[in-house]
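Written out below as structure tokens is the structure these notes cover.
The values are calculated or read from the model by the stated rules, or taken from the named source; none is laboratory data. This structure is a prediction, so every number in the text was calculated from the model and none was measured. We place every Cβ from the backbone using ideal geometry, glycine too, and count neighbours over all the protein chains shown.
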């Protein structure tokens, strides 16, 4: 299958490579000419056979909206745009309606897998009409992990990003629980090797997970996480999850507390937030803030 891919950052660049390894022909466009295959969106669209499929991997909000509007002027009836970024599901509905005016299909796809997705595959949550999903299915099959799981047609347009939003809300709470446990184990002078305790939980326990594996990897690099400031950003999806919870009267105390804990991290240095920041860096390559080196007298 041939497709265009817009946005070749940490995720998009690896997705292009995974698709090519699976035998697909991918033409990529990025504002960075060092990684781009073409010089412009017009050039990208011109190289694709009809009906065209263009996958967008740019930041949510205005960058995605502007890209979709530009594609609306370049694509034709029967073409499909896939938004694989972290857009809000309500934006999907607006973008789909706009493209539909020109007969262009729209699929929203939540993508999870971070910088590890190239080798491990990406979990994909897609929303859209079945006919459009079926057209893009070979791409989904190439990107997803091997095996039975890791892919779902979640429902109509918006369902994919809504599912990914809730996924990220759950992720916030899981990370916060691991981080608080690490802080308590480290604080109390009782356990000789906190890292080995966490490592032992990786098999046989009910709390084993990939996030736990990543925290152990971070602790192997720096068992005290001394080089990381206790500051963690929020990507926006935690906030959107709570907004949806409020609108639908769904109680979410754990996810709410984990989001507020990130706000606390911006006020002072938090040991637990060191662990959250370390896990975010491990799975997604998210930047961490490093602690200032100690000053020396003399």
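So which of 216, 166, 194, 188 is over 25 Å from the mean Cα position of the chain (by Cα) and either surrounded by 18 or more Cβ atoms within 10 Å (Cβ to Cβ) or closer than 19 Å to residue 115 by Cα (or both)? Steps first, answer last, please.
Working: 216 fails: over 25 Å from the mean Cα position of the chain (by Cα); 166 fails: over 25 Å from the mean Cα position of the chain (by Cα); 188 fails: either surrounded by 18 or more Cβ atoms within 10 Å (Cβ to Cβ) or closer than 19 Å to residue 115 by Cα (or both).
Exactly one of 216, 166, 194, 188 is over 25 Å from the mean Cα position of the chain (by Cα) and either surrounded by 18 or more Cβ atoms within 10 Å (Cβ to Cβ) or closer than 19 Å to residue 115 by Cα (or both), namely 194.
Could you tell me which of the residues 291, 258, 270 is surrounded by 21 or more Cβ atoms within 10 Å (Cβ to Cβ) and modelled with pLDDT under 80?
On the way: 291 fails: surrounded by 21 or more Cβ atoms within 10 Å (Cβ to Cβ); 258 fails: modelled with pLDDT under 80.
Result of the check over 291, 258, 270: 270.
Among (1) assigned to a helix (DSSP H, G or I); (2) touching a helix residue (DSSP H, G or I) at 6+ places or on another chain (Cβ under 6 Å), which single condition is residue 160 missing?
Of the numbered conditions (1) assigned to a helix (DSSP H, G or I); (2) touching a helix residue (DSSP H, G or I) at 6+ places or on another chain (Cβ under 6 Å), the odd one out for residue 160 is (2).
What is the one condition in (1) under 18 Å from the mean Cα position of the chain (by Cα); (2) at pLDDT 95 or above that residue 236 does not satisfy?
(2)
Return a yes/no flag: does segment 127-143 have any residue that is over 30 Å from residue 271 (Cα atoms), without any contact (Cβ under 8 Å) to a residue 40 or more places away in the chain, under 16 Å from the mean Cα position of the chain (by Cα) and part of a helix (DSSP H, G or I).
Yes, segment 127-143 contains a residue that is over 30 Å from residue 271 (Cα atoms), without any contact (Cβ under 8 Å) to a residue 40 or more places away in the chain, under 16 Å from the mean Cα position of the chain (by Cα) and part of a helix (DSSP H, G or I).
What do you reckon, is residue 208 in a loop (DSSP other than H, G, I, E, B) and within 26 Å of residue 111 (Cα to Cα)?
Details: in a loop (DSSP other than H, G, I, E, B): yes; within 26 Å of residue 111 (Cα to Cα): yes.
Yes: the conditions hold for residue 208.
If the requirement is being on the phi < 0 side of the Ramachandran plot, assigned by TED's automatic domain parsing to the domain that holds residue 274, assigned to a helix (DSSP H, G or I) and out of contact with any strand residue (DSSP E or B) (no Cβ under 7 Å at 6 or more places or on another chain), which of these qualifies: 203, 233, 190, 196?
Values: 203 fails: assigned to a helix (DSSP H, G or I); 233 fails: assigned to a helix (DSSP H, G or I); 190 fails: assigned to a helix (DSSP H, G or I).
From the options 203, 233, 190, 196, the qualifying one is 196.
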